[in-house]
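Presented below is the structure to which this report refers.
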Amino acid sequence: MKCTTYETMKPGMQVQVFEAGSGAPLVFLHGAGGLLENDPFVNALAEKYCVYAPVLPGFGELEGADDLDDMQSIALHTFDVLAALGLDKPKLVGHSMGGMIAAEMAAIAPADIGELVLISSAGLWLDEHPIADLFNTLPYELPGLLFHDEAKGQAMLASGMDFNDAEFLTEFLVGNARRLGMAGKLMFPIPDRGLAKRLYRIRAQTKLIWGEQDALIPLVYADAFCNAIKGAELHKIPQCGHMPIYEATDRVVELI
Amino acid sequence: MKFTWFNLMPWPHLPDDFRETYRSVWVDIPSKLYDPVEGHKVYNTYLDLLEYAEELGFDGIGVNEHHSNAYGLMPSPNIMAAALSRRTSRAALVVLGNSIALYNPPIRVAEEFAMLDVISGGRLVAGFPVGTSMDTNYCYGTIPAETRPRYNEAHELIKRAWKEDEPFAFNGEYTKLRYVNCWPKPIQKNPPIFIPGGGSLETYDFCLDNEYNYSYLSFSGYLRAKQLMDGYWERVDKRGLDMSPYRGGFAQTIIVADSDADAEKYYREHIDYFYNRCLHVYPGFADAPGYRTIKTLKAGVTSQMTRQAVGNVTNMSWDQLIKDGYVIAGSPDTVVDQMKNLITSLRVGNIFCLMHVGNMPAEKCRHSSKLFAEQVMPRLRDMWPEYADDNRFWTSPLAEQADRSGVAGIGAAS
């Protein structure tokens, strides 16, 4: 996997993109946690596709996050990234917050997205099924909220470190504050920026992939997306939480 | 020295098992714990105490803003200040303050503060806090990353609205107004502005650039505040500005009793209620991601966010609270000594005297406040003689206050 810095058409804007594999192009938009180091999901996708995984400003090393302050600017920025990569009607895969951005893009410019895959996607709000507040969740509570198998989640999120270790915790919180600070522009205090009103515009062939035990964005949201997007098909994954990309990596790649 | 009598207005009836049963005193504390009929008595008792503080000779009486908070029952400090403006005639009304980013549009703050200044005859001290993450982000839904940009924009709008004599258009990022036209305007051309700060260089400079007072509002006492205030004064010095202590302020919990032993005997349970019950805030609410700068976070304490710490509800003892300076308590002599230490070590000309604490009954509070006013304040009054004429950071009320017909007791202490 290599990491390349591209200039987008916006003056002064640079973006980091992880790239791996060969074959048909696929763009993966990460969730509010960002990509993991040597991300296992990106690597698995690279077995079948030429994968591009852009890093949303605020998540990586580069500046440029200040100008991206709402859904419109972030969606347009991501179109700029597709243009910088020279991709035409790509297959667009988004997880959680990345799904919210991907769905927004497919609704804004229905002709510009080839296929759409939304995995455990944010972007909707149902009053009867309030989504847990990711922003006030303490680090040690995250694995249990995000993963069906909490121990596996702990191992992945903390890469073997302990969330109850003060030094590691400070380091994690600094990174978490940057990532969720940026994510908050789309998802705080409620992850709804009006997407429900625009989903009818999506024309791309759409797949929804959801963990049956998703404790953050429960399965009922998959149905809501499915009902709102014409022709969408839903694939449920048993024994799986909010992170199917890591909890059931092979199955997700197969479905994509 | 300027002394402001301050009351957070806590709910005095939190259950004994509060910390075990509820995760936070703030944000998601169920309102079933609040009883409005009892609240009627509580509010009126607290307002009586603030009025009494004027009678005692405190320079200011202070109110502040919190939301969904059982130790701070003033979602709208301006309503409290309005009530006080009619029943007092001398003390400054220290509104510390309005979280200016939360008022929509923020011109509302310019208008309400102007109203308060006019009704009170120029007695307003205006506080412009950024606001805590609990209030600003979790209770009022401001996107954390937008908190500071919204604050800066609101500040610019309010200051301009007070200054301009003609309507103007304001094209902000968050507020767009074709006609900004502040009626009424404040009596004080530049109402004194106090900024509660938490140690960031940006806030130091913001105060120094604008000639605002920088105040540290902590419940942890003056011993722990030294480093932060030293940082501020270093900055003042480095900028080549005068070192007037009136540039700074500090909030301190204070108990005055007839003797040191009486202080513990009569006030211990109320201090315990505040420090060991009211300050129970879920750490997940303390700092919404994006609210603080990365630099501040790196320096911050994160140990309270571990599983072990969250489950831990150890009490702080009276002895520890006194020893570590969280609370200054004792006979007038004891309190004078400690207050002198506080005032000189932090170099502050403003003290926000937290004299009503936790579930303290009014009578005990009156006794302590009276002793402070009569036996402590006079001995601290002239601690900064070389800056006695510095009135940049305090009110300039009208010499002649309007008659408030029908209101008993105005100007005549009972």
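The values are calculated or read from the model by the stated rules, or taken from the named source; none is laboratory data. Just so it is clear, the structure is predicted and the values come from calculations on it, not from any experiment. All Cβ positions, even for glycine, are placed from backbone atoms using ideal geometry, and neighbour counts span all protein chains on display. Ligands, DNA and RNA are excluded from the accessible area calculation, which covers all protein heavy atoms including side chains. Shrake-Rupley method; radii C 1.70, N 1.55, O 1.52, S 1.80 Å.
For region A:173-179, 3J(HN,Hα) computed residue by residue from phi via the Karplus equation (6.51, -1.76, 1.60; θ = phi - 60°) reads 5, 4, x, 4, 5, 5, 5 Hz, glycine and proline entered as x.
Projected label points at residue A:200 and residue B:363, each 7 Å from Cα along the beta carbon direction, are separated by 7.0 nanometres. Evaluated over the Cα positions of region B:336-410, the convex hull gives a direction-averaged projected area, one quarter of its surface, of 7.7 nm².
Quick check: Cα centre of region A:89-132 to Cα centre of region B:327-384, how many Å? A separation of 59 Å, based on Cα centres. Report the relative contact order of chain B, percent, no decimals, based on alpha-carbon pairs under 8 angstrom and at least 6 residues apart. Worked out over chain B, it gives 23 percent. At the listed q of 0.07, 0.10, 0.13 Å⁻¹, the Debye profile of chain B, built from one uniform point per Cα, gives log10 I(q)/I(0) equal to -0.31, -0.67, -1.21. Rounded to the nearest 500, the helix-only mean residue ellipticity at 222 nm of chain A stands at -10000 deg cm²/dmol, with each DSSP H run of n ≥ 4 adding -39,500 (n - 2.57).
Only protein heavy atoms count here, probed at 1.4 Å, and on that basis chains A and B bury about 2100 Å² of accessible area in total. Report, to the nearest whole %, how much of the accessible area of region A:2-255 belongs to carbon and sulfur atoms, 1.4 Å probe, protein only. Carbon with sulfur: 49 percent of the solvent-accessible area. Averaged over its residues, the protein assembly as shown has an accessible area of 42 Å² per residue, based on protein heavy atoms and a 1.4 Å probe. Summarising the strand pairing of the protein assembly as shown, around 20 percent of its internal DSSP beta bridges are antiparallel. What FRET efficiency would be calculated for the residue pair residue A:190, residue B:230, taking the C-beta separation as r and a Förster radius of 30 Å, to the nearest 0.05? Efficiency, rounded to the nearest 0.05: 0.10.
Modelled spin labels at residue B:382 and residue B:189, positioned 7 Å past Cα toward Cβ, are 3.1 nm from each other.
Under the shape rule built on the C-alpha gyration tensor, where the axes satisfy a ≥ b ≥ c, region A:29-135 is rounded, since a/c falls short of 1.5. Model label points for residue B:238 and residue B:403, set 7 angstrom from Cα along the Cα-to-Cβ axis, are 5.7 nm apart. Which stretch or stretches of region B:23-38 have amide N atoms under 17 Å from the point lying 7 Å from residue B:79's Cα along the Cα→Cβ direction? Only B:31-32, B:34-38 pass the distance filter. Considering only C-alpha atoms, what is the centroid distance from region A:58-77 to region B:172-196, in Å? For region A:58-77 versus region B:172-196, the Cα centre distance is 31 Å. Between B:350, B:213, B:181, the GNM of chain B built on Cα springs shorter than 10 angstrom shows B:181 fluctuating the most. Burial annotation for region A:112-143: residues with an accessible-area loss of at least 50 Å² between the isolated chain and the complete set of protein chains, computed on heavy atoms with a 1.4 Å probe, are A:136, A:138, A:140.
Using helices alone, what [θ] at 222 nm do you get for chain B, with -39,500 (n - 2.57) per DSSP H run of 4 or more residues, divided over all residues and rounded to the nearest 500?
Details: 14 runs with 149 residues, N = 414.
The per-residue figure over chain B is -11000 deg cm²/dmol.
Sparse packing (at most 11 other Cβ atoms within 10 Å of the Cβ) combined with a DSSP loop state is found for the following GluC sites (Glu not before Pro) in region B:314-414: B:400.
Counting only GluC sites (Glu not before Pro) that DSSP places in a loop and that have at most 10 other Cβ atoms within 10 Å, the longest clean stretch of chain A runs over A:129-256. For region B:173-241, the share of alpha carbon pairs falling in successive 10 Å distance bins from zero is 17, 36, 27, 17, 4 percent. With the biggest extent put first, the Cα atoms of the protein assembly as shown measure 86, 58, 51 Å across the principal axes. Interface burial in region A:166-188 reaches 20 Å² or more for A:166, A:169, A:170, A:173, A:174, A:177, A:178, A:181, A:185, A:188, comparing the full protein assembly with the chain by itself; accessible area from heavy atoms with a 1.4 Å probe. With the charge dipole of region A:2-255 set up from +1 on Lys and Arg Cβ and -1 on Asp and Glu Cβ about the Cα centre, the Cα lying farthest toward the positive end among the listed residues A:209, A:155, A:172 is that of A:209.
Report for region A:2-255 the percent antiparallel among DSSP-assigned beta bridges with both residues inside it, nearest 5.
Antiparallel bridges make up about 30 percent of those DSSP assigns within region A:2-255.
Potential lengthening of the chain between residue A:67 and residue A:164 amounts to 31.4 nm, from the contour at 0.36 nm per residue minus the alpha-carbon distance.
The ellipsoid equivalent to the alpha-carbon distribution of region A:2-255 has semi-axes of 24, 22, 19 angstrom, derived from the gyration tensor eigenvalues as √(5λ) and listed largest first. Region B:15-40 and region A:1-27 have Cα centres spaced 51 Å apart.
Span-like helix check, chain B: qualifying full DSSP H segments, with Cα axial length of 20 Å or more and mean Kyte-Doolittle of 0.0 or more, are B:332-346. Select from A:120, A:96, A:159 the residue whose mean-square fluctuation is largest in a Gaussian network model of chain A (Cα-Cα springs shorter than 10 Å). Most flexible of the set in this elastic network: A:159.
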